[in-house]
Amino acid sequence: MTIVRLARSNRLRRVGAALLVLATAGLAMWAVTPPRRTTARTDAVTVVAAAPVASRAQAPMRSPPTSARERPAPAPRVAVAAVPPGLVRARVTRAHPLLADVAIACSADTCTLEATVRPALGQAALDERQAMLLGGLATTLADSGYRMAVPFAFDETGDNVFHLRAALTPAAVTPGA
């Protein structure tokens, strides 16, 4: 029985040694091979088709104008008369109901807009306040003939209550058609 045991143990040793050699060879191959890039493929081909070109009969080419007679005249500038401050106050109050105590005071060539921004209750009121501050108020004032200077003062005076102060200048000349 000792011979059988020796034969079995030799066989186990040989199998163990073979597994160890295979594992070492696999580890060596794994360590030597370069890593694969998994980002973008560089062997892809992109085909771009050109837009169909119209024939000369369909779309004749025209050279750019060279003389002053051929160039179109610039758009005329139209003077916009500034609306009186009392009327602007009414327009702003009507267009932006979140504003209270709207006051517009003018001296020489500058004006000041002061108003209290009421608390916004609900998401719709918050969206309305954001739209007003991101350009709605400036657009309303521009329609009345005034430019609102940016940045403007926007200070919190109470719980979700804000005081707005903005400098205005009469827009004497604006581009138009």
- Task: Give the residue, chosen from Thr157, Thr169, that is in contact (Cβ under 8 Å) with a residue 60 or more places away in the chain and open to solvent by 40 Å² or more (accessible area, probe 1.4 Å).
- Result: Thr169
- Task: Could you grab the pairs with beta carbons closer than 7 Å, sequence gap of 6+ or different chains, first residue in the range 94-107 and under 15 Å from His163 (Cβ atoms), second one part of a loop (DSSP other than H, G, I, E, B)?
- Result: Leu98/Arg118; Leu98/Ala120; Ala100/Arg118
- Query: How about the range 120-137: which of its residues are in contact with a strand residue (DSSP E or B) (Cβ under 8 Å, 6 or more places away or on another chain) and either charged (D, E, K, R) or more than 16 Å from Val161 (Cα to Cα) (or both)?
  - Reply: Arg129, Leu137
- Item | strands (runs of 3 or more DSSP E) lying entirely in the range 114-177 (those with 2 or more residues that are of a type in the set (Val, Ile, Thr)) | 161-170, 173-175
- Unique residue being open to solvent by less than 70 Å² (accessible area, probe 1.4 Å) and over 17 Å from Phe152 (Cβ atoms) when the list is Thr112, Thr93, Thr116: Thr93
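The values are calculated or read from the model by the stated rules, or taken from the named source; none is laboratory data. Because the structure is a prediction, the values reported are computed rather than measured. Heads up, the Cβs are rebuilt from the backbone with ideal geometry, glycines too, and the neighbour counts pull from every protein chain shown. Accessible surface areas use protein heavy atoms only, side chains included; no ligands, DNA or RNA. Shrake-Rupley method; radii C 1.70, N 1.55, O 1.52, S 1.80 Å.
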